[in-house]
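The values are calculated or read from the model by the stated rules, or taken from the named source; none is laboratory data. Predicted model only: the values in this text are computed from it and were never measured. No Cβ is skipped: glycine too gets one built from the backbone with ideal geometry, and neighbour counts run over all protein chains shown.
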Amino acid sequence: MTISAITGYLESLAPLAYQESYDNAGLITGSGDWECRGILTTLDATEDVVGEAVRRGCNLVVAHHPIVFGGLKKITGRNYVERTVIRAIKEDVAIYAIHTNLDNVVAGGVNGRIAQKLGIRGGRSLLSRAGTLQKLFCFVPFEHLELVRGAIFSAGAGHIGGYSECSFGTEGLGTFKGGEGTTPFVGEPGSRHTEKEVRLEVILPSHLSRGVVQAMIAAHPYEEVAYDLVPLANTWDGVGSGLIGELPEPMEEKAFLSLIKKQFGVPVVRHTPLTGRPVSRVAVCGGAGSFLISNALSAGANFYITSDVKYHEFFDADGRLVIADIGHFESEQFTIDLLFEVLQEKFRNFAVLKSETKTNPINYF
Ligand SMILES: [Zn+2]
């Protein structure tokens with residue numbers, strides 16, 4: 001199996017188009033054409049992790065954080081980034097990063113896994129991502145409507161919230177005149193034909209548009225299929241930053257802090273003053289999440305669990321919610337399991353391993 005077959009699968013779950021503009025997700029070293037011998041999942045692709053991959057017979061490291069972020073001007077081994085890249089290239093190890101694109105997939109991503117660990121239900125994004133939805137309009141002869149509609153649904157279009165197979169059809173008359181060399185499905189070339197058609201419209205995630213259009217064309221009887229693919233201003237709470245959801249039962253604040261400590265194995269949680277109110281609505285953002293404090297407040301969260309919160313940012317809680325900083329590595333640690341599980345599930349009988357290298361640079365004393 002090639003490395004691109006594996007990374008292609010990961011991108012079907014977390015499309016590269018979902019990454020933030022500052023990010024560098026994707027293949028960082030190596031080639032998609034290489035035959036993959038084994039996969040090692042990790043949060044950070046450090047030099048030690050590349051060494052571990054070689055030792056354990058893996059030539060693909062799937063990491064959450066991109067080892068190269070802002071570009072490299074020299075590769076002389078002066079710092080850990082350059083040394084990791086040199087080692088990976090020397091040892092023929094491909095490094096692949098699945099970063100903010102995985103953060104932004106709400107249910108199946110980094111934050112969905114954090115929510116699962118705390119029993120948070122009904123997760124939706126704290127800040128929905130724009131540009132993730134499109135509308136497909138196509139014109140189908142009446143008798144072929146169900147065939148084309150079914151093909152479009154099977155390719156992943158037509159989901160709105162908890163509903164699937166959503167579409168709308170308007171009956172009307174289509175006209176066309178085939179030119180020289182055409183073989184129209186109905187009518188004769190050179191004369192205008194009028195056909196009873198349905199204008200079928202369906203919503204779809206932008207990253208699936210190519211597959212949906214291909215499926216539509218394959219199922220459609222016409223030689224030339226008339227369709228319009230239009231970007232939408234609608235947002236979708238299945239893709240975006242952070243997650244907010246509900247606890248099954250309200251909890252007392254201290255009991256919830258104890259649950260966080262237990263589930264994330266953290267010796268200490270930095271948090272703002274407790275409010276005295278029960279915790280029922282909880283917001284989370286794995287990694288650095290200060291940019292979502294105002295979203296957590298306006299969404300009515302009682303608790304916001306994240307990391308890398310600065311001193312002055314803690315003041316933003318303002319007695320309205322509890323900000324809990326549990327540490328960057330700690331908040332994202334289960335991403336290693338998430339990547340391991342999705343890869344092992346998809347590529348059975350293939351060596352998928354979890355890294356045993358401790359990459360968290362932060363210690364507690
Ligand atoms: Zn992170």
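Here are the numbers for the structure shown:
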item: Long-range neighbours under 6 Å by Cβ, at least six apart or interchain, first residue in a helix (DSSP H, G or I) within the range 322-344, second among the small types (Gly, Ala, Ser) and within 16 Å of the ligand (Cβ to nearest atom); result: HIS328/GLY287; HIS328/SER307; SER331/GLY286; SER331/SER307; GLU332/GLY286; GLU332/GLY287
item: The one condition in (1) among the charged types (D, E, K, R); (2) more than 27 Å from SER206 (Cβ to Cβ); (3) buried (at least 17 other Cβ atoms within 10 Å of the Cβ); (4) more than 16 Å from the ligand (Cβ to nearest atom) that ARG78 fails to fulfil; result: (3)
item: Residue in the range 226-248 that is exposed (fewer than 14 other Cβ atoms within 10 Å of the Cβ), away from the ligand (no atom under 16 Å from the Cβ), farther than 30 Å from GLU201 by Cα and free of Cβ contacts under 8 Å to residues at least 40 places away in the same chain present; result: no
item: Options LEU243, LEU247, LEU208, LEU232; residue that is within 26 Å of SER128 (Cα to Cα) and out of contact with any strand residue (DSSP E or B) (no Cβ under 8 Å at 6 or more places or on another chain); result: LEU208
item: Matching residues in the range 90-100 - criterion: being within 13 Å of the ligand (Cβ to nearest atom) and either surrounded by fewer than 24 Cβ atoms within 10 Å (Cβ to Cβ) or not small (Gly, Ala, Ser) (or both); result: ILE98, HIS99, THR100
item: Evaluation of LEU339 against (1) in contact with a helix residue (DSSP H, G or I) (Cβ under 7 Å, 6 or more places away or on another chain); (2) in the same structural domain as VAL61 (by TED's automatic domain parsing) (one fails), failing number; result: (1)
item: Residue satisfying all of: in the range 270-327; away from the ligand (no atom under 16 Å from the Cβ), crowded, with 18+ Cβ neighbours inside 10 Å and among the β-branched types (Val, Ile, Thr); farthest from ILE244 (Cα to Cα) among these; result: THR272
item: Single residue of ALA17, ALA63 found to be of a type outside the set (Ser, Thr, Tyr), in the same structural domain as GLN344 (by TED's automatic domain parsing) and part of a helix (DSSP H, G or I); result: ALA17
